[in-house]
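K.L.:
Submitted below is the structure of interest, expressed as structure tokens.
The values are calculated or read from the model by the stated rules, or taken from the named source; none is laboratory data. Quantities reported herein were computed from a predicted structural model and do not represent experimental measurements. Cβ coordinates were reconstructed from backbone atoms using ideal geometry, including for glycine residues, and neighbour counts include every protein chain displayed.
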Amino acid sequence: MNKSFAFSGAAFSILVLLLTLLANLSKITALVAISQLAPLITVMLLLIVLPGRKEALKLLGIAKIGGLKWYAAALLSIVPITVGFLGAWAFGIVDLPSAEFLAKGAAHFTVPQYVGYITRNSWAPIMLIMMFIFSFGEEIGWRGYLQPRLTKAFGIKKSILITAAVWTCFHYPFYLNGYNEDGNVWINILLFSVMIFPLSVFMGWVRWRSQSVWPAVVIHMIINLSRSWLEQLFFVKSAGWSYVAGESGIVTIVVWAVAALLIWKKLLIEAKPNPGSHD
């Protein structure tokens, strides 16, 4: 085990979780919003404080773009949450607004016009830019700084799991400020915690194989955009809908779990004896 990488990984984890917790406990809206960029802020602080800045910058994976196939894989990250919502739609748990309801609105949309309007706005350039910034603000910490150091210290499989655990804990303080207000908060936290691990297997594998942080940023961005899009699109929701659909619904988790199982089997073959090596 490389103790220096283990130490820097631990330092990052403790500091980013502390900053996020304090910001959310403050209940100050601006601080809560900024705390979403806590991973980026923490990376910047550690680059200043800790020695070996040149090697640290290299490990971030920002200098490499990664092959096109990894961006194609990133685009597939829209599938699990889409399957979740379509499954919930099929069982009547979520639904599009009715034509009668839309006709009463100021815009007098038809259902197809409503779908087009929500879709255009959800994937508008300004939304892409904003989501890219916040996705980068997280991923530069999780799979830019933390995972590569843990890989050097413990190997790729353990690094993915530890990164997933830290990433999960990072989100807990946001529940203090209404991160997901549908249903029972403890059930939502449990489902979210379960979802993060198979998702992290997918993202961690893409990061490791591509040797670039950018595909992971795109995955994060697409998940956030698709979540926002589908939650707005399926306006009619039954109580507890997020247990089935959404970013951490049961259907979404199952799809991610299947993908993670296939990837984990590949990792058993692809992982080299040297924890820091790539294929």
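K.L.:
Looking at the range 106-120, which of the residues that are touching a helix residue (DSSP H, G or I) at 6+ places or on another chain (Cβ under 7 Å) and among the hydrophobic types (A, V, I, L, M, F, W, C) is farthest from Leu225 (Cα to Cα)? Walk me through how you get there before you give the answer.
P.N.:
Let us first name the residues in the range 106-120 that are touching a helix residue (DSSP H, G or I) at 6+ places or on another chain (Cβ under 7 Å), namely 109-111, 114-115, 118-119.
Right, trim to among the hydrophobic types (A, V, I, L, M, F, W, C) and you get 109, 111, 115, 118.
On the way: Phe109: 23, Val111: 21, Val115: 15, Ile118: 12 Å.
It comes out as Phe109.
K.L.:
Kindly state which helices (runs of 4 or more DSSP H) lie completely within the range 1-71 and contain at least 3 residues that are modelled with pLDDT of 95 or more. Walk me through it before giving the result.
P.N.:
Numbers: elements: 3-26, 29-34, 38-49, 53-59.
Helices (runs of 4 or more DSSP H) meeting the threshold: 3-26, 38-49.
K.L.:
Quick one: in the range 228-250, which of the residues that are surrounded by 22 or more Cβ atoms within 10 Å (Cβ to Cβ) and under 16 Å from Gly183 (Cβ atoms) is modelled with the lowest pLDDT? I'd like the intermediate steps shown before the answer.
P.N.:
Quick first cut of the range 228-250, residues surrounded by 22 or more Cβ atoms within 10 Å (Cβ to Cβ) only: 230, 242, 245-249.
Subset that is under 16 Å from Gly183 (Cβ atoms): 242, 245-249.
Details: Ser242: 92, Ala245: 91, Gly246: 87, Glu247: 90, Ser248: 93, Gly249: 94.
Checking each candidate, the answer is Gly246.
K.L.:
Pick from the range 96-106 the residues that are assigned to a loop (DSSP other than H, G, I, E, B) and not hydroxyl-bearing (Ser, Thr, Tyr): which of them is surrounded by the fewest Cβ atoms within 10 Å (Cβ to Cβ)?
P.N.:
We begin by selecting, within the range 96-106, every residue assigned to a loop (DSSP other than H, G, I, E, B); these are 96-98, 104-106.
Right, trim to not hydroxyl-bearing (Ser, Thr, Tyr) and you get 96-97, 104-106.
Values: Leu96: 17, Pro97: 19, Lys104: 9, Gly105: 10, Ala106: 5.
Taking the candidates together, the pick is Ala106.
K.L.:
Report, by residue number, each residue of the range 110-120 that is in a helix (DSSP H, G or I), of a type in the set (S, T, N, Q) and more than 14 Å from Gln232 (Cβ to Cβ).
P.N.:
Kept after step one, since they are in a helix (DSSP H, G or I), are these residues of the range 110-120: 111-120.
Keeping just the survivors that are of a type in the set (S, T, N, Q) gives 113, 119.
Matches in the range 110-120: Gln113 only.
K.L.:
In this structure, is Ile93 out of contact with any Leu (no Cβ under 6 Å at 6 or more places or on another chain) and buried (at least 19 other Cβ atoms within 10 Å of the Cβ)? Full working, then the answer.
P.N.:
Numbers: out of contact with any Leu (no Cβ under 6 Å at 6 or more places or on another chain): yes; buried (at least 19 other Cβ atoms within 10 Å of the Cβ): yes.
The answer is yes for Ile93.
K.L.:
Now for a separate question. Hand me the list of helices (runs of 4 or more DSSP H) wholly inside the range 121-221 holding 1 or more residues that are touching a residue at least 24 places away in the same chain (Cβ under 8 Å), more than 21 Å from Trp70 (Cα to Cα) and in contact with a Pro (Cβ under 7 Å, 6 or more places away or on another chain).
P.N.:
On the way: elements: 125-139, 147-154, 156-171, 185-210.
Passing ranges, in order: 147-154.
K.L.:
Which ones in the range 222-247 are of a type outside the set (S, T, N, Q), in a loop (DSSP other than H, G, I, E, B) and in contact with a Gly (Cβ under 9 Å, 6 or more places away or on another chain)?
P.N.:
Residues satisfying the conditions are Ala239, Gly240, Val244, Ala245, Gly246, Glu247.
K.L.:
For the range 1-34, which residues satisfy the criterion of being more than 22 Å from Arg149 (Cβ to Cβ) and touching a Ser or Thr at 6+ places or on another chain (Cβ under 6 Å)?
P.N.:
The answer is Ala23, and nothing else.
K.L.:
For the range 94-112, does any single residue satisfy the condition of being within 28 Å of Ser212 (Cβ to Cβ) and modelled with pLDDT of 95 or more?
P.N.:
No, because not a single residue in the range 94-112 is within 28 Å of Ser212 (Cβ to Cβ) and modelled with pLDDT of 95 or more.
K.L.:
If a residue has to be surrounded by 18 or more Cβ atoms within 10 Å (Cβ to Cβ) and touching a Lys or Arg at 6+ places or on another chain (Cβ under 7 Å) to count, how many in the range 1-49 make the cut?
P.N.:
3
K.L.:
Looking at (1) touching a Leu at 6+ places or on another chain (Cβ under 8 Å); (2) over 21 Å from Ser35 (Cβ atoms); (3) among the polar types (S, T, N, Q), which one does Gln232 not meet, given that it meets all the others?
P.N.:
That leaves (1) as the condition not met.
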